[in-house]
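Engineer: Take this structure first; my questions come after.
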């Protein structure tokens, strides 16, 4: 079979229920030629062979153990050379049914589009929707001076564009996706689909939740690094309020999730 879509799933292999839901959602996200090739990136001791035998994944790559960005980069590097469109998905997140079909349709039609993204449901540990990030095309210009409102889980981007911008920057622990979006926006168009393409599981073990303050600070560093040199000395004028607003928004979603969790 010739593969044209590839999804990397970095995992420690410690959440089998979530992993299965994640992989099953990927399988339902594309049809026909858009059925994705799935690469699991995990520590050597993790036993994930059952997902290969069940057809939910196609290869397992050993995590180099130097950070999440490096793990994802290694997963992309090991994929078949013919794959055109790629993304990664956390092992506790999910793609919406048909989302890859929608994204590949846009990418196939216009070579000027280097990435497609859409809305994302934030769900609690039980899969109940807490909040929906509907996103919009305004998220693209906003990210240069404001928060990153582009949901990464449901996005899809061109593999050659990813390689040309140097892949994920391993110097970042949390905001490497944000850095990638800005780099890709300098090479072509980021197109927004008015559909919910994915679900992000909002729980205490999620990296961006547990380390929210550090993540927000790192996103700020990413924004500043991409500013013209003449503007960088003045970035504190807007960076502080942007960071505070981002933290408040995150805490609000967490509060909603906790309230829902207490309901019978």
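Read-outs throughout are calculated quantities, based only on the coordinates presented, and are distinct from any laboratory measurement. Treat the numbers as computed from the prediction; the structure is a model and nothing was measured. Note that each Cβ is placed from the backbone with ideal geometry, even for glycine, and that neighbours are counted across all protein chains shown.
Engineer: Taking the alpha carbon gyration tensor of the chain, what are the square roots of 5 times its eigenvalues, largest first, to the nearest whole Å?
Structural biologist: 27, 23, 18
Engineer: Rounded, prolate or oblate: pick one for the range 45-172, where a ≥ b ≥ c are the square roots of the eigenvalues of its C-alpha gyration tensor, a/c under 1.5 means rounded, and failing that, prolate if a/b is larger than b/c, else oblate. Write down the numbers at each step before the final one.
Structural biologist: Working: a/c = 1.45, a/b = 1.22, b/c = 1.19.
Here the range 45-172 falls in the rounded category.
Engineer: Can you bin the range 18-62 into rounded, prolate or oblate? Criterion: square roots of the alpha carbon gyration tensor eigenvalues sorted a ≥ b ≥ c, rounded for a/c under 1.5, prolate for a/b above b/c, oblate for the rest.
Structural biologist: Working: a/c = 2.32, a/b = 1.84, b/c = 1.26.
Taking the square roots of the gyration eigenvalues as a ≥ b ≥ c, the range 18-62 is prolate.
Engineer: Say R0 is 45 Å: what FRET efficiency, to the nearest 0.05, do residue 45 and residue 225 get from their beta-carbon distance? List each step's numbers first, then the result.
Structural biologist: Working: r = 36 Å, r/R0 = 0.80.
The computed FRET efficiency comes out at 0.80.
Engineer: Within the range 150-185, name every residue whose backbone N is under 17 Å away from a label modeled 7 Å from Cα of residue 232 along the Cβ vector.
Structural biologist: The answer is 171-172, 179, 183.
Engineer: Follow-up question, since we're still on this one. What is the gain in length, in nm to one decimal, between residue 66 and residue 54 on full extension, counting 0.36 nm per residue of separation less the C-alpha to C-alpha distance? Please report the intermediate quantities before stating the final value.
Structural biologist: On the way: separation 12, 0.36 × 12 = 4.32 nm, distance 2.93 nm.
Stretched fully, the residue 66-residue 54 segment lengthens by 1.4 nm.
Engineer: Taking 0.36 nm per residue of sequence separation and subtracting the Cα-Cα distance, how much length would be gained by fully extending the chain between residue 111 and residue 214, in nm to one decimal?
Structural biologist: Working: separation 103, 0.36 × 103 = 37.08 nm, distance 3.59 nm.
Residue separation times 0.36 nm, minus the Cα-Cα distance, leaves 33.5 nm.
Engineer: Moving to a separate point now. Name the residue, out of 88, 202, 238, whose mean-square fluctuation peaks in a Gaussian network model built on the chain with Cα pairs under 10 Å.
Structural biologist: Comparing 88, 202, 238 in a Gaussian network model of the chain, the most mobile one is 238.
Engineer: Using the basic label-point model (7 angstrom from Cα toward the beta carbon), what is the residue 240 to residue 20 distance in nanometres?
Structural biologist: 5.1 nm
Engineer: Hey, in the GNM for the chain with a 10 angstrom Cα cutoff, which one of 19, 66, 150 fluctuates hardest?
Structural biologist: Largest GNM mean-square fluctuation: 66.
Engineer: Still on this structure: In deg cm²/dmol, rounded to 500, what helix-only [θ] at 222 nm does the chain give when every DSSP H run of at least 4 residues adds -39500 (n - 2.57) and the total is split over its residues? Provide the component values of the computation, followed by the final result.
Structural biologist: On the way: 10 runs with 105 residues, N = 264.
Helices in the chain give a 222 nm mean residue ellipticity of -12000 deg cm²/dmol.
Engineer: With both partners inside the range 5-262, how many of the DSSP beta bridges are antiparallel, as a percent to the nearest 5?
Structural biologist: Working: 10 of 32 bridges.
Roughly 30 percent of the DSSP beta bridges within the range 5-262 come out antiparallel.
Engineer: Run the numbers on the chain and let me know its relative contact order in percent, using alpha-carbon pairs under 8 Å that are six or more apart. Walk me through the numbers before you get to the answer.
Structural biologist: On the way: 488 pairs, mean separation 51.8, N = 264.
Relative CO of the chain lands at 20 percent.
Engineer: Could you check which residue among 108, 160, 177 shows the biggest mean-square fluctuation in a GNM of the chain with a 10 Å Cα cutoff?
Structural biologist: 108
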